[in-house]
Amino acid sequence: MFKITKKLTLNLKVLRFFIIPTILVFTPFFNNIKEAKAGLEFQWDQDSSYRRLKWFQKENKRKFRNTIYFFLRPSDRRTDLLKINLAIPKTFKSTLSNEKISFCKVKIGGFEARTKCLEDIPADFEIKTDESGLRSLDIYPYSPIPTNKDSYAIVFKIFNPKKSGLYQFHSFGQPKGKSFSSYLGSWTIVID
């Protein structure tokens, strides 16, 4: 009787040694794990004049309804801005209208908080399309955007384009007291 219980205990230890690691290893394969969203960004022409700006989008799938936040943080603005110009890539084929574009003071989210607009900034929006098909968006805030510790965002509420890929948006800002716009930086968004 004593040999049988000793043998049974030994079999359970051996069985536990093989079964528990097997369960631990194969458990992730049985669950549908969502893909990790890596913060990797490619640039073909790496030069010192390129400035990468932060952005956030709620959905990155093709043809899905999406909200894209193009952030202008305090470190991105050196002077008060009278006008902001956003160059839209030619391949970004999505319908833009003034009703679906806004400019706001934003709270940038992270792991514990969501990104959300705190206060809408009154502004005029002008979408331009030239003969080559290039589009740009001019934003004229009613009062200059100050150089303070607040972050601002250009918000698009659109449907994503049909084609997946990387889309690079460039921004230019006209400083207070100047008659020309200077380069602020670029956002590279991803549509899967």
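The values are calculated or read from the model by the stated rules, or taken from the named source; none is laboratory data. Everything numeric in this text was worked out from a predicted model, so none of it was measured. With ideal geometry, Cβ positions are generated from the backbone for all residues, glycine too; neighbour counts draw on all protein chains shown. Each accessible area value is taken on the protein alone, full model and side chains, heavy atoms only, with ligands, DNA and RNA left out. Shrake-Rupley method; radii C 1.70, N 1.55, O 1.52, S 1.80 Å.
Just a few scattered comments:
- Residues of the stretch 165-192 satisfying the condition of being among the small types (Gly, Ala, Ser), open to solvent by less than 30 Å² (accessible area, probe 1.4 Å) and either more than 16 Å from LEU72 (Cα to Cα) or part of a loop (DSSP other than H, G, I, E, B) (or both): GLY165
- Residue match in the stretch 139-149 (condition: surrounded by fewer than 16 Cβ atoms within 10 Å (Cβ to Cβ), closer than 23 Å to GLN57 by Cα and in contact with a Lys or Arg (Cβ under 8 Å, 6 or more places away or on another chain)): no
- Flag if LYS162 is open to solvent by 50 Å² or more (accessible area, probe 1.4 Å), modelled with pLDDT under 95, part of a strand (DSSP E or B) and not acidic (Asp, Glu): no
- Failed condition for VAL155, given (1) out of contact with any strand residue (DSSP E or B) (no Cβ under 6 Å at 6 or more places or on another chain); (2) crowded, with 17+ Cβ neighbours inside 10 Å: (1)
- Scan the stretch 129-156 for residues that are over 19 Å from SER186 (Cα atoms) and among the basic types (Lys, Arg) and the total you get is 1.
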